[in-house]
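The values are calculated or read from the model by the stated rules, or taken from the named source; none is laboratory data. Owing to the predicted nature of the structure, the values given are computational and were not obtained by experimental measurement. For neighbour counting, all protein chains shown are included, and Cβ atoms are generated from backbone atoms with ideal geometry for every residue, glycine included.
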């Protein structure tokens, strides 16, 4: 609960002050309503006639309470949705700033969970948050008034609430770890679902593989999560049941035992019972699971944000700090660069390098090698997506920032992602798109309408052609193509090597392309051959 309150205070102090003021007045009106009812019952007599003043107080309090409650709920909804929107914006913005090699260690599922499930848990709390705060105020006022009627009953009720709260807090600490474990286990379920969606072709064609995947992967993950969630549900239920039991035992003692012990008179008993009925302890207990889950979500979001912040700070330390941005270059030198992958126990899995490579302006450079030779890793180092663990990168014999380095490149990787819109390209240039669509012979399936592509439901080869169009419109000094021609028809493969690449070179562009087409190697100025993470040969054409 404290985490949630801190979250609301952190994001909107001015709004919180307004909510507190409205909430206090609304609760005051509700208290007047409650005490008007209690007073009417306590002093009921058939011959008694209520005065106009009593009616006026009751209905004016009623109307004001309804209006203020509606206003408070609307303000709370606005505040909550604003907080959720801000949290999502902060997470997404931090993800943009974290380096690729480090964001890969965070896990996409953790980010999805935080942005969707965790923020939704916080948003769901809005419907009950005001009522919980309202009930807490009513409990305080009710206990104070009960103390005025019967000091002993008030003390006993306070002890009961304290004892029930103590049991709940102890149980809360016990189940918090289980809830976090269950939430963490859900990432494996999401991975199973991703495998199902993206591997549906392989599973459809092999029923044995599909059954084995379903039973040993999905069902095992689902069973483990189900059992954990059942344990958590039982623990939460037990945590609420104990305070419930204590509360009703306390009522039994006050109502049935105190009068017989001579501790309460009949008149005081009636008044005390009416006050106890209006103390909304049971409502608070019923809502605590929602508050608890929202609190867990707040903690998970904070953990993710802190982790992303640390990664951003670590990334900043890795970047060269001198140099200025540039839009052109003569040479880029990669001197003795080394990059390696390690497992969770820091054991070396693969090492690229040391690699020495020079990129010249206005040349076509091919990178050739077998699977697992390190071609894609080298491209990520060349484009600045990965930082080398050893070695240095110089542009025209100077160090520069990674932002300036990346600004030289436009890349199409094998796992290219197409966006629905043209981002980062001036709208005045969108008219050029039709020319490129015709050039790539996809104008009959792709169009750009209302500032977005009408469809991205394309074949793999067509997607690569559309990605090429976007890269050409970005108009950067260096183009990087990771096996772009692999999914193209023989006609377009020939067009890529014999027409497109020479045309780009004539425009003063530099092209770095990973290829598996030896028949077109004469299109390159130089060819780097990779094997086992090392450059084994450089050939000048």
When the residues of the range 67-88 are filtered to those that are surrounded by 19 or more Cβ atoms within 10 Å (Cβ to Cβ) and farther than 23 Å from residue 301 by Cα, which remaining residue is modelled with the highest pLDDT?
68
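Yes/no matrix, rows are residues, columns are (1) under 19 Å from the mean Cα position of the chain (by Cα); (2) in a helix (DSSP H, G or I); (3) at pLDDT 85 or above; (4) surrounded by 14 or more Cβ atoms within 10 Å (Cβ to Cβ):
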residue	(1), (2), (3), (4)
94	yes, yes, yes, yes
135	no, yes, no, yes
160	no, yes, yes, yes
171	no, yes, no, yes
Count, please, the residues in the range 360-379 that happen to be surrounded by fewer than 20 Cβ atoms within 10 Å (Cβ to Cβ) and touching a helix residue (DSSP H, G or I) at 6+ places or on another chain (Cβ under 8 Å).
2
Please find, among 115, 122, 139, the residue that is in contact with a helix residue (DSSP H, G or I) (Cβ under 6 Å, 6 or more places away or on another chain), assigned to a helix (DSSP H, G or I) and touching a residue at least 40 places away in the same chain (Cβ under 8 Å).
122
Residue check for residue 116: surrounded by 18 or more Cβ atoms within 10 Å (Cβ to Cβ), assigned by TED's automatic domain parsing to the domain that holds residue 291, at pLDDT 85 or above and out of contact with any strand residue (DSSP E or B) (no Cβ under 9 Å at 6 or more places or on another chain):
no
Residue satisfying condition, being in contact with a helix residue (DSSP H, G or I) (Cβ under 6 Å, 6 or more places away or on another chain), surrounded by 15 or more Cβ atoms within 10 Å (Cβ to Cβ), assigned by TED's automatic domain parsing to the domain that holds residue 150 and not in a helix (DSSP H, G or I), within set 243, 259
259
